[in-house]
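To start, the structure itself, in structure tokens.
The values are calculated or read from the model by the stated rules, or taken from the named source; none is laboratory data. Source: prediction; values computed, not measured. Using ideal geometry, Cβ is built from the backbone for each residue, glycine included, and neighbour counts are taken over all protein chains shown.
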Amino acid sequence: MRPKKIEDKKLILNLMSVLRKKGYEGSSLNQLAEAADLNKASLYHRFPGGKKEITDAVLDFADEWVKDHIYKLVADSSVPPQDRLQEALKIISEDLYDNGHEMCLLRALSMDAGQGLFEKKIKGSMTTWIDAFTLLGVDFGYSKEEAGQKAVRVLVHIQGGLVVSESLGSVEPFKAVLKAIEQLYQES
């Protein structure tokens with residue numbers, strides 16, 4: 001067996017980059033192969049199910065990343081909730097969305113055919129976010145219902161901030177949203 005030309009994590013991250021920018025319908029196998037630095041035959045060898053299998057793998061990777069880096073962090077009740085919130089927002093900003101320069105994969109795949117094909121995974125990922133920030137809100141002292149409402153607002157803020165930042169060509173709206181999320185958890 002020939003060695004892989006590209007390591008799995010780098011491959012997924014490169015494929016994710018295309019899907020974030022183009023969505024499912026807008027991403028061609030040529031674009032995906034180019035981003036992966038593989039020819040189409042090699043890409044098909046790694047993903048015989050084509051673009052759908054590629055997208056499933058990228059969604060699985062992204063969901064696991066959020067569970068490992070966001071959910072576990074905000075659910076760790078041994079750390080004060082304010083510290084968890086600040087660290088989570090830092091990771092979301094710097095590692096997940098490149099300080100507002102990267103679009104959200106879930107948003108990109110929620111359009112066109114992607115929504116129908118990946119609805120269950122998209123909903124599951126969104127639920128992971130909401131569950132994480134609900135736990136955090138409870139640790140801030142809010143009722144489960146209030147914490148759940150705040151968690152949904154966190155997701156809406158992040159997604160909206162990314163869309164507005166992309167549309168205006170400025171990361172300032174995204175940065176402002178992160179500050180608004182911190183304030184959201186200070187409300188009584």
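Does residue 106 count as closer than 26 Å to residue 14 by Cα and in contact with a helix residue (DSSP H, G or I) (Cβ under 7 Å, 6 or more places away or on another chain)? The answer is yes for residue 106.
Here is a check on your reading of the model: is residue 93 out of contact with any His (no Cβ under 6 Å at 6 or more places or on another chain) and in contact (Cβ under 8 Å) with a residue 12 or more places away in the chain? Yes; evaluated as a whole, the condition is true for this residue. One residue stands out among those in the stretch 77-115 that are hydrophobic (A, V, I, L, M, F, W, C) and outside any helix (DSSP H, G or I): the one that is farthest from residue 56 (Cα to Cα), which is 79. Criterion applied to 94, 146, 64, 87 was being closer than 30 Å to residue 7 by Cα and touching a helix residue (DSSP H, G or I) at 6+ places or on another chain (Cβ under 7 Å), and the one residue passing it is 87. Checking each residue in the stretch 66-118 for being at pLDDT 95 or above, of a type in the set (D, E, K, R) and surrounded by 14 or more Cβ atoms within 10 Å (Cβ to Cβ) picks out 67, 76, 84, 87. When 60, 112, 68 are screened for being in contact with a Gly (Cβ under 8 Å, 6 or more places away or on another chain) and over 20 Å from residue 181 (Cβ atoms), only 112 passes.
Residue pairs whose Cβ atoms lie under 8 Å apart, separated by 6 or more positions or on different chains, with the first residue in the stretch 3-31 and basic (Lys, Arg) and exposed (fewer than 13 other Cβ atoms within 10 Å of the Cβ) and the second modelled with pLDDT under 95 and in a loop (DSSP other than H, G, I, E, B), are 5/37; 5/38. Quick check: anything in the stretch 130-142 more than 18 Å from residue 79 (Cβ to Cβ), of a type in the set (Ser, Thr, Tyr), surrounded by 20 or more Cβ atoms within 10 Å (Cβ to Cβ) and touching a helix residue (DSSP H, G or I) at 6+ places or on another chain (Cβ under 8 Å)? No, the conditions are met nowhere in the stretch 130-142. Of the residues making up the stretch 154-188, those that are within 20 Å of residue 129 (Cβ to Cβ) and among the β-branched types (Val, Ile, Thr) are 154, 156, 158, 163, 164, 177, 181.
With the structure loaded, tell me whether residue 181 is under 21 Å from residue 23 (Cβ atoms) and either of a type in the set (Val, Ile, Thr) or in contact with a Pro (Cβ under 6 Å, 6 or more places away or on another chain) (or both) or whether it fails that test. Against the criterion (under 21 Å from residue 23 (Cβ atoms) and either of a type in the set (Val, Ile, Thr) or in contact with a Pro (Cβ under 6 Å, 6 or more places away or on another chain) (or both)), residue 181 does not qualify. Of all residues in the stretch 67-100, exactly one satisfies the criterion of being within 14 Å of residue 162 (Cβ to Cβ) and among the β-branched types (Val, Ile, Thr), namely 92. In this structure, is residue 47 without any contact (Cβ under 8 Å) to a residue 24 or more places away in the chain, more than 24 Å from residue 167 (Cα to Cα) and buried (at least 16 other Cβ atoms within 10 Å of the Cβ)? So residue 47 passes the test. Which residue is farthest from the chain's Cα centre (by Cα), if the candidates are limited to the stretch 167-188 and must be surrounded by fewer than 18 Cβ atoms within 10 Å (Cβ to Cβ) and not in a helix (DSSP H, G or I)? Among them, the one singled out is 188.
For the residues 36, 57, the requirement of being at pLDDT below 95 and either farther than 23 Å from residue 119 by Cα or surrounded by 16 or more Cβ atoms within 10 Å (Cβ to Cβ) (or both) singles out 36.
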